[in-house]
Amino acid sequence: MKASIQCQGCGAFLQSHDPNALGYIPRQALESRKGDLICQRCYRIKHYGKDQEYSGGFDAEQIILEGLSWAQGVVVILDLMDFEASVPRNIHRLVRKHQVVAVLNKVDLLPPRTTAGEAGLWARRRLHALGLDPDIVPVSCATGYGISELLAVMNRSSGRNWLVIGVTNSGKSSLITSMLKKQARAQNHSPTTSMFPGTTVALTRWELDCGIVLADSPGLVPKGRLTDLVCPDCAVKLIPARRLNVSVHTISSRSALVVPGFAAVQPLSSRETVLIGFTASEVSWRRANADKIPNWLAQKCGGCQLPELTQEEVTLNPNQDLYIHGLGWVSVRKDPAALKLTIPKGVDHTVRDNMIGAKAQRVSRNFQSR
Ligand SMILES: Nc1nc2c(ncn2[C@@H]2O[C@H](COP(=O)(O)OP(=O)(O)OP(=O)(O)O)[C@@H](O)[C@H]2O)c(=O)[nH]1
Ligand SMILES: [Mg+2]
Ligand SMILES: [Zn+2]
Ligand SMILES: [Zn+2]
């Protein structure tokens with residue numbers, strides 16, 4: 001049975017003929033209730049936190065183009081924990097005719113001594129370097145931080161229709177959910193959010209008390225993000241969900257930092273090098289003997305089918321991070337360092353200005369064992 005009713009969680013058109021396709025809902029549920037309908041996948045995510053395999057794709061960019069023809073403004077969500085991977089590749093082309101507000105999401109995951117304001121200034125410089133100069137509002141959809149300020153910025157604009165765009169898993173649906181939570185009217189529904197990328201599959205619209213209408217959209221899939229190449233269990237470990245894991249290591253050229261199974265960073269000089277590693281809390285950079293690096297990297301999970309490893313030499317200054325897309329980053333203290341980076345082929349890396357300044361790194365060091 002087909003119906004032109006959309007799932008209120010993910011936007012899929014509801015259907016009850018193919019349990020493996022998007023929008024599946026058992027026939028009785030579709031027939032018995034006309035409002036408030038969500039598909040089986042959203043039901044499972046909302047109630048059990050589980051995702052369901054489904055067949056059938058959708059073209060996120062095409063859906064976003066439809067949304068752009070409706071919207072006057074665009075909210076671009078950037079994931080502070082995976083910043084470079086979360087700047088949509090075609091952003092210049094997508095938003096050139098619209099008022100744009102950039103939202104810097106997940107500031108709750110910063111180490112305690114780094115403020116959201118500092119992260120916002122850092123993001124402004126990073127975007128400026130890419131030729132982008134939007135208003136930037138740091139937020140946490142998890143805590144509600146910055147949401148009122150974002151609403152104030154949007155309300156200053158005459159446009160009422162705002163499309164929320166960004167890469168998968170950046171927090172688009174979470175942003176709309178946290179804006180709905182600020183409403184005086186009780187909200188029965190909100191978009192489905194999940195820790196797995198690819199949750200939202202079509203446009204859904206949400207009206208706020210102030211008259212602003214937000215449209216949620218499917219995420220653009222970035223290239224080169226490790227979390228898109230690993231199995232779902234590993235993705236959940238690698239995507240930061242709690243405060244970042246920060247660890248400080250003094251290492252010689254005969255040792256290296258590794259995230260077992262995924263990456264290694266080895267100093268090439270004979271001097272001691274102080275490296276600071278940043279990852280999600282479930283994994284960490286750990287010190288390893290250089291001759292054991294292949295063993296550490298071979299520690300793969302049975303579910304991941306990663307490409308073969310590739311190596312590159314990178315020079316890092318003390319005010320820079322070596323950021324590995326979808327994994328985390330390493331920064332160096334005191335002196336510049338030549339480093340040998342080993343990562344799976346197809347995973348991107350970027351050398352960038354430090355996100356977390358020396359002051360916060362020093363404080364983090366006091367809390368971490370070496
Ligand atoms: N810690 C933290 N986690 C967040 C925040 N915002 C979103 N998340 C988490 O990020 C994950 C993705 O959130 P979603 O809102 O589903 O992301 P999305 O951009 O809509 O993803 P797609 O629909 O797959 O494109 C979920 O596990 C959220 O709980 C935040 O501010 N802080
Ligand atoms: Mg979503
Ligand atoms: Zn759904
Ligand atoms: Zn795995």
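The values are calculated or read from the model by the stated rules, or taken from the named source; none is laboratory data. Remember, predicted model here, so these are calculated numbers, not experimental data. Cβ placement follows ideal geometry from the backbone for every residue including glycine, while neighbour counts extend to all protein chains displayed. For accessibility, only protein heavy atoms count, side chains too; no ligands or nucleic acids. Shrake-Rupley method; radii C 1.70, N 1.55, O 1.52, S 1.80 Å.
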Test: residue in segment 230-245 that is more than 23 Å from D59 (Cβ to Cβ), in a strand (DSSP E or B) and either away from ligand 3 (no atom under 16 Å from the Cβ) or of a type in the set (G, A, S) (or both): yes
Hits in segment 18-34 (condition: modelled with pLDDT under 85 and part of a loop (DSSP other than H, G, I, E, B)): R33, K34
From the options I251, I239, residue that is within 16 Å of ligand 4 (Cβ to nearest atom) and open to solvent by less than 50 Å² (accessible area, probe 1.4 Å): I239
Wholly within segment 266-332, strands (runs of 3 or more DSSP E) carrying at least 1 residues that are on the phi > 0 side of the Ramachandran plot: none
Hey, I77 open to solvent by less than 60 Å² (accessible area, probe 1.4 Å) and either more than 21 Å from K182 (Cα to Cα) or outside the structural domain of C210 (by TED's automatic domain parsing) (or both) or not: no
Subset tally (residues that are in contact with a Phe, Trp or Tyr (Cβ under 9 Å, 6 or more places away or on another chain) and closer than 18 Å to V153 by Cβ) for segment 180-217: 5
Selection within segment 49-62 - surrounded by fewer than 18 Cβ atoms within 10 Å (Cβ to Cβ) and modelled with pLDDT of 85 or more: D59, E61, Q62
Residue check for L238: under 12 Å from the mean Cα position of the chain (by Cα) and assigned by TED's automatic domain parsing to the domain that holds W285: yes
Test for A152: is it under 23 Å from W70 (Cα atoms), without any contact (Cβ under 8 Å) to a residue 24 or more places away in the chain and away from ligand 2 (no atom under 11 Å from the Cβ): yes
Breaking point among (1) more than 10 Å from ligand 1 (Cβ to nearest atom); (2) at pLDDT below 95; (3) not hydroxyl-bearing (S, T, Y), for A215: (2)
All positions within segment 99-121 that are within 15 Å of G357 (Cα to Cα), without any contact (Cβ under 8 Å) to a residue 60 or more places away in the chain and open to solvent by 20 Å² or more (accessible area, probe 1.4 Å): T115, G117, L121
Matching option when the condition is within 16 Å of ligand 2 (Cβ to nearest atom) and among the polar types (S, T, N, Q), among T279, T227: T227
Inter-residue pairs, beta-carbon under 6 Å, first among the polar types (S, T, N, Q) and in segment 285-303, second in a loop (DSSP other than H, G, I, E, B), 6+ apart: Q299/P260; Q299/G261
